[in-house]
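Please read the structure below before turning to the comments.
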Amino acid sequence: MGINGQWPIPTLHVTKGERLIVTVWNHLGNETTSLHWHGLYQNGTAHMDGPPGITQCEIPHNDYIVYDFTVDQIGTYWFHSHTRGQYPDGLRAPLIVHDPENPFSKDFDEEIVLSFSDWYHESMRPLLRSFVSVTNPTGAEPVPKSALMNDSQNVTVAVQPGKTYMIRMVNMAAFAGMYVWFQGCSMRVVEVDGIYTEPAEASMLYLTAGQRYAVLLTVDSYHATNIPFVASMDEELFDKIPDDLNSNVTGWLVLDDARDLPLPLEVETFEPLDDFTLQPLDKLAALDKVDRTVTLDLKMDNLGDGAN
């Protein structure tokens, strides 16, 4: 599924304080649709948030809705359909909110946007039918077949030695968490989910579905080859591992397009940054210690139609 005849859908760039007006016409034939602005608080504009049945009605075929709100946050976000399985079928893209007062603006030369996603090799309609079914009483989720990077594979990004890049990463997966690393490079985390952090060194990150990171990465002059980088799906989330599963997707930071694109080295263990160690740049104090604990006991059951 695309927008304005384009897929992959282009990244949407705005600046903090701008008014964003998006008119969405539904030309999907026999499907309703919607758009959700993932990570934006929508303070005072909750009716623009996008989830059907919560803040709006579905957009019928050959009808439209106008999303109109002011973006008062900064950082790395994304937008996607909030209707059934449309975003795993492609109706999604990064949303970057630029900050005129970015405290790290003097620390990098250019920006790069990378998205990661899981690919099921099958449309969501039949997968949802089998998922919400009396034949699936345990609620086992469909398992993707492979991973994508920028809604593609074998992505190449031109870089220059000596330059520092702010790399904005978005996990647009339906299900899979992603381990991400740049071979032989260290990253400095400076933003997570729209919140600036104290710079934190990392050799590997873990992005849950929907999560975003911004890191600073310097391409040192000693790099003699193009640099592979990898996103690897977290198989621990899968109820079963298909025989044809391809968990990894590889891209390259290309210093010289006349050189080969080397295969990444194998990683024996995943050791991502512990994001509990991150500190907000604004020094916002943590909440007071709790003085009351509320326990909720949850149980999964089956409805008559097979829904869990």
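The values are calculated or read from the model by the stated rules, or taken from the named source; none is laboratory data. Because the structure is predicted, anything quoted here is derived from the model rather than measured. When we count neighbours, we look across all protein chains shown, and the Cβ atoms used for this are built from the backbone with ideal geometry, even at glycine.
Suppose the filter is in a strand (DSSP E or B) and in contact with a Gly (Cβ under 9 Å, 6 or more places away or on another chain); does Phe116 pass it?
The answer is no for Phe116.
From the list Thr208, Thr250, pick out the single residue that is buried (at least 16 other Cβ atoms within 10 Å of the Cβ) and polar (S, T, N, Q).
It is Thr250.
The rows are residues; the columns are (1) touching a Phe, Trp or Tyr at 6+ places or on another chain (Cβ under 6 Å); (2) crowded, with 17+ Cβ neighbours inside 10 Å; (3) at pLDDT below 90.
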{"residue": "Asn102", "(1), (2), (3)": "no, yes, no"}
{"residue": "Lys106", "(1), (2), (3)": "no, no, no"}
{"residue": "Ser130", "(1), (2), (3)": "no, no, yes"}
{"residue": "Val143", "(1), (2), (3)": "yes, yes, no"}
{"residue": "Leu148", "(1), (2), (3)": "yes, yes, no"}
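Checking the structure you have, find out if any residue of segment 225-232 is out of contact with any strand residue (DSSP E or B) (no Cβ under 8 Å at 6 or more places or on another chain), assigned by TED's automatic domain parsing to the domain that holds Asp151 and of a type in the set (S, T, N, Q).
yes
Output the residues belonging to segment 1-27 that are free of Cβ contacts under 8 Å to residues at least 40 places away in the same chain and either assigned by TED's automatic domain parsing to the domain that holds Ile59 or of a type in the set (Phe, Trp, Tyr) (or both).
Trp25, Asn26, His27
Looking at Ala224, Ala214, Ala209, which one is out of contact with any Cys (no Cβ under 9 Å at 6 or more places or on another chain) and part of a strand (DSSP E or B)? Break it down into steps so the answer makes sense when it comes.
On the way: Ala224 fails: part of a strand (DSSP E or B); Ala209 fails: part of a strand (DSSP E or B).
Of Ala224, Ala214, Ala209, the one residue that is out of contact with any Cys (no Cβ under 9 Å at 6 or more places or on another chain) and part of a strand (DSSP E or B) is Ala214.
On the given criteria, is Asp256 in contact (Cβ under 8 Å) with a residue 12 or more places away in the chain and over 25 Å from the mean Cα position of the chain (by Cα)?
Yes, satisfied.
The conditions are (1) among the small types (Gly, Ala, Ser); (2) surrounded by fewer than 20 Cβ atoms within 10 Å (Cβ to Cβ); (3) at pLDDT 95 or above, and Ala224 fails exactly one of them. Which is it?
If we test Ala224 against (1) among the small types (Gly, Ala, Ser); (2) surrounded by fewer than 20 Cβ atoms within 10 Å (Cβ to Cβ); (3) at pLDDT 95 or above, just (3) comes out false.
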